[in-house]
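The values are calculated or read from the model by the stated rules, or taken from the named source; none is laboratory data. Quantities reported herein were computed from a predicted structural model and do not represent experimental measurements. Virtual Cβ from ideal backbone geometry, glycine too; neighbours counted across all protein chains shown. Areas reflect the complete protein model, heavy atoms only, side chains present, ligands, DNA and RNA absent. Shrake-Rupley method; radii C 1.70, N 1.55, O 1.52, S 1.80 Å.
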4 protein chains.
Amino acid sequence: MLDANAKGVYVIAPTPFHDDGRVDDASIDRMTDFFLEAGCTGITALGMMGEAPKLDGEEARAIASRIIKRAGNTPVVIGVSAPGFAAMRTLSRAVMDAGAAGVMIAPPSSLKTDDQIVNYYAQAVEAIGPDIPFVIQDYPLAIGVVMTPGVIRRIVQDNPSAVMLKHEDWPGLEKISALRGFEQDGSMRHISILCGNGGLFLDFECERGADGAMTGYAFPDMLVDVVKLSQAGKREEAHDLFDAHLPMIRYEQQPGAGLAVRKYVLQRRGIISSQAQRKPGGAISATARAEVDYLLSRLAKHDPRAGKRIG
Amino acid sequence: MLDANAKGVYVIAPTPFHDDGRVDDASIDRMTDFFLEAGCTGITALGMMGEAPKLDGEEARAIASRIIKRAGNTPVVIGVSAPGFAAMRTLSRAVMDAGAAGVMIAPPSSLKTDDQIVNYYAQAVEAIGPDIPFVIQDYPLAIGVVMTPGVIRRIVQDNPSAVMLKHEDWPGLEKISALRGFEQDGSMRHISILCGNGGLFLDFECERGADGAMTGYAFPDMLVDVVKLSQAGKREEAHDLFDAHLPMIRYEQQPGAGLAVRKYVLQRRGIISSQAQRKPGGAISATARAEVDYLLSRLAKHDPRAGKRIG
Amino acid sequence: MLDANAKGVYVIAPTPFHDDGRVDDASIDRMTDFFLEAGCTGITALGMMGEAPKLDGEEARAIASRIIKRAGNTPVVIGVSAPGFAAMRTLSRAVMDAGAAGVMIAPPSSLKTDDQIVNYYAQAVEAIGPDIPFVIQDYPLAIGVVMTPGVIRRIVQDNPSAVMLKHEDWPGLEKISALRGFEQDGSMRHISILCGNGGLFLDFECERGADGAMTGYAFPDMLVDVVKLSQAGKREEAHDLFDAHLPMIRYEQQPGAGLAVRKYVLQRRGIISSQAQRKPGGAISATARAEVDYLLSRLAKHDPRAGKRIG
Amino acid sequence: MLDANAKGVYVIAPTPFHDDGRVDDASIDRMTDFFLEAGCTGITALGMMGEAPKLDGEEARAIASRIIKRAGNTPVVIGVSAPGFAAMRTLSRAVMDAGAAGVMIAPPSSLKTDDQIVNYYAQAVEAIGPDIPFVIQDYPLAIGVVMTPGVIRRIVQDNPSAVMLKHEDWPGLEKISALRGFEQDGSMRHISILCGNGGLFLDFECERGADGAMTGYAFPDMLVDVVKLSQAGKREEAHDLFDAHLPMIRYEQQPGAGLAVRKYVLQRRGIISSQAQRKPGGAISATARAEVDYLLSRLAKHDPRAGKRIG
């Protein structure tokens, strides 16, 4: 079960499809194996970048189960954000029964005030049950809901099953410091903070007190290394590795277009078989593909993983 | 099957729950019977005011089937708006198999440009299949997506299965005139236009060329009468009846709070057993209840239906 | 100077233009005189419905001064919402020097959290100075900023110069009750609450504890009467008069389109010379004009003012 | 006068203030001189990052005049976005009289449809006059208005005085390609495209056909070099220089927080005297300052300008 001491990299798993849009089970398995070999301490599936809303209920449960089983002892978090609590409850109970470590809940974009956000999480916990550990997803850029540090504190203090923050506010460094400050002044219990946003600020997020990353860059093996180097106090080495990847991280982090880049690189690395997305989804243009190839060729000078296929 | 000649009142059905949140089948039956007796020419279920997002997939299908079966030859439209096309397809095929007359599709709030809206409907039709007649739901106030008359025309011209507009832009009278103008100048084929917005402008909407209403005021029997009077050219009588209800229509049309009012009145009229909503949902305060009672007592002087229980 | 005991109707003044877009001083004077004769206890100028953003700085100050001077002892509130505090300060100081009773400040739409809203008002007061009484404009439908009753209480308690709420949340009746409840439980000092939203709920707003209206319906004389009747405990008479106007109130309250309706009716009543708006602005179509004429003819049966020209 | 052949770097000028909030004229002069020495081909003042909304009308005109005069033959573009056309016209005529090369206009966030955007620019041109060259500012992340390439084409084709696009859509590379494609297929006349977004994609934007940058990174001298190298076909050198700055570019490009970073670095470089912003404005925390210092120390290894003070 997920708890507030989680650390490292919980990689956001994309959902591999065949070119015709069917779910690609073989790629799911290969990708899951790769994540474990890369040193990921956890996997998060069926998030926004997992194209979760494009799956129907049965598909979603089948994918979750497959990854959970394949991952063995490695904890798997499942995104269960839904337009209503009935669907959220149904999926949450199903994936926990299948062995998930916890679930992740984003606020709906309709929430406008501090109290509405706090109440929403109270009702979500009532719906799924207080026994399921959950991750608060804080992603204003995509969702439009802004949670102050004080609101996150209220959610954490009100709900013992809130164990982790997927931090992807932007800008967000001061928010990490504020939350860790709340822990130090005793006004909030400790939670795990893993950072998203494609890793764009991972170098400093670790230094600010984050426990690692929960994001989906096409080189999760690099994310693992940066977090380890940073936690080991090897600041210069962490930044050197991070900076070598930054041109690519930046390119992949483009809203909307980024998933096509990610899937293209994962395919090029031999991790998934097809870069296909379900509709509505972006495709990568020939020019963009050439730009990514160029970035990878430059990256390969610093990090040989950028030039090789897995397996 | 729903077609472009539909007229009259397609009442938006709420979903009756027991006080404990379970779906209330007996109330569904009684409500359906009442709608038919009231002269509704169709029923629309699982819309926003039907608390559709709060149902899980099985519940949604069961409610749709129950209403369809009970309604007999009266056409039933089912709302199938969903965060993704897989779920939209699954629900659409299921309800059409169960005998639905068509489905209703609202655009997701993420759409920003004319082309994005047009493409979305093209993809939705590809997902559900071109054989299912569908209703375009145009509800900017709730969804935030603004469709110009030109965009609606593009959707209609591109997709033969687009047969109806649920018109609830606000303000919206000029939009009806613009669309009927397109039909007259030959640039758009004829579609049915039924109006929503709680009926707040039904008096003039009919005069502008709408075919009737698709909305959910607690007196659908009044909506039926206003549409009939207007179509029969009895302008003064239509406005007299409408104006008598307007204080109540206005009260019920309050965003968010309105559904609690509607369910309270439907319960008071003896049509459903409980005014309960699933969470997150509003409740009506004691003061608001007294205000509604007062409005009903005033209304009863003009329309005796406001003072009586059904059955 | 405006204070927390203000009551009655502060009519929202439109800005009269000539057909060619120049400010129409003669109409300003005639309109101001009419407002006083109609029994308005105050006037609010340069609000959103006053097309304030379409005026340049000099024009704004000239209009404000003209109305203030003409209104004599009747208090005039000036809208000073601005994209920045420097412009807000400049305009505020200028209109107070010219004799304004206070200013009105709406939050900018960029504010997202409770704290941001509270801080914004603190900075606004710092900018204009603590000696200028101000009105909090709470208009989520147009602005997108939602203030809970708790946030309004924080603004009131933090800033002694906050003396009035222009209440136009929608729905909003429970908000009035909540704020008056804060006054009763001692957690908030008393402020004046005047209601907007075109008067669409004025009948019940008065009963909930509002002190009157601050809105711009083309019959402010009716608003004055409804507030008086309600405050005198003549409930039935208040509702009878209100209900007679409701079809027209509803028509005029359409976002965007409403100002064209209002100016058309004010012109028809002989109060302003032209219905022109500055760009970007709506015009009323021939069909809409006929609809308004029809509504006025029906209204005249109940309220003879609807059939007559002033003067 | 600005025309469609503009190239290079039009640096976005911040507005320097003293610590107490007064405009700092000496810093304006020093900064302007630095921009010219750095090789900027133009300067853009009173944009969003110039804190334009925080200035009152007189201040805005004085700052514009000062920069224009100091810049001599170097063209200066002035941001004139305003809530209404009267203020836009007043400022536009004033700055053109003072010698500005053109003005920049962003769409207001209230625009929702393609036609509304196109009409807005038509009305803006009518307001300021067709003789003033203008820049279309396309910045959806900050403004929320999404212009398709087709909409930009309509604005360009409708308005001969539209000579430049400030391109800061995100993602935006495909938009540059689409617009240049319109020029090649003859459906749109040529315009200058200068890119914003803090330069985060400048490396590829130049390769896609942009003419340079219009943005405000604290090292405009680097932007100048990257554009020159790219235009000279020295791809590797352009990317090497760009990549060295990317960790800092990324840090400075954080919405909201970024201006505090930029002003801090400009102060550290000796270009402006104070990092103060007018309220509401962000300040840089001690931790963030240390992070910036660290980034600059790493950058200085590749680009000695990061370690030195100007003058």
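Key figures
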| read-out | value |
| --- | --- |
| Most mobile of C:L46, C:L223, C:L295 in a GNM of chain C (Cα contacts under 10 Å) | C:L295 |
| Region C:203-251: radius of gyration and largest Cα-Cα distance (Dmax), Å | 9.9, 28 |
| Average other protein chain Cβ within 10 Å of Cβ, residues C:255-266 | 1 |
| Calculated diffusion of region D:194-311, Stokes-Einstein form, Kirkwood radius summed over Cα pairs, 10 °C and 1.306 mPa s, µm²/s | 109 |
| Top of B:D169, B:D20, B:D158 by mean-square fluctuation, Gaussian network on chain B, Cα under 10 Å | B:D20 |
| Two-decimal Rg to Rh for the protein assembly as shown - Kirkwood Rh, Cα set | 0.95 |
| Chain B, rotation onto D, residue closest to that axis via Cβ, with its distance in Å | B:D114, 2 |
| Neighbour net charge for C:A26 - beta-carbon separation under 15 angstrom, K R +1, D E -1 | -1 |
| Per-residue [θ]222 nm for the protein assembly as shown (sum of -39500 (n - 2.57) over DSSP H runs n ≥ 4, rounded to 500) | -14500 deg cm²/dmol |
| Positive dipole terminus of chain C, leading residue within C:A244, C:P130, C:A94 (C-beta point charges) | C:A244 |
| Rounded percent of accessible protein surface that carbon and sulfur make up, the protein assembly as shown, 1.4 Å probe | 51 |
| Unsatisfied cross-links (Cα-Cα over 24 Å) in the set A:K234/D:K263; B:K263/C:K228; A:K301/D:K301 | A:K234/D:K263; B:K263/C:K228 |
| Residue-averaged beta-carbon neighbours from other chains (10 angstrom radius) around C:146-156 | 2 |
| Efficiency of FRET between A:R93 and A:K69 - r from beta-carbon atoms, R0 22 angstrom, step 0.05 | 0.80 |
| Inter-label distance for A:A178 and A:H18, nm, one decimal - labels placed 7 Å from Cα along Cα-to-Cβ | 4.9 |
| Rg over Rh, two decimals, region B:1-107 (C-alpha only, Kirkwood Rh) | 0.94 |
| Rg and Dmax of region D:179-234, Cα atoms only, in Å | 12.1, 38 |
| Translational D in µm²/s for chain C (Stokes-Einstein at 4 °C, 1.567 mPa s, Kirkwood Rh from C-alpha pairs) | 67 |
| Solvent exposure ordering (accessible area, 1.4 Å, most first) of D:S230, C:S92 | D:S230, C:S92 |
| Max mean-square fluctuation residue, GNM over chain A, Cα-Cα springs under 10 Å, options A:V76, A:V11, A:V145 | A:V145 |
| Sequence-distant residues sharing a close amide H with A:V135 (under 5 Å, placed H) | A:V103, A:M104, A:I105 |
| Under the Debye formula (equal points on every Cα, no solvent term), log10 I(q)/I(0) of region D:97-249 at q = 0.09, 0.11, 0.16 Å⁻¹ | -0.30, -0.44, -0.89 |
| Distance cut-off 19 Å, percentage of C-alpha pairs in region B:84-181 lying past it | 39 |
| Residue-by-residue Karplus 3J(HN,Hα) for region B:16-28, coefficients 6.51, -1.76, 1.60, Hz, glycine and proline x | x, 10, 6, 4, 8, x, 6, 5, 9, 5, 4, 5, 4 |
| Exercise: per-residue mean of other protein chain Cβ atoms within 10 Å, C:246-252 | 4 |
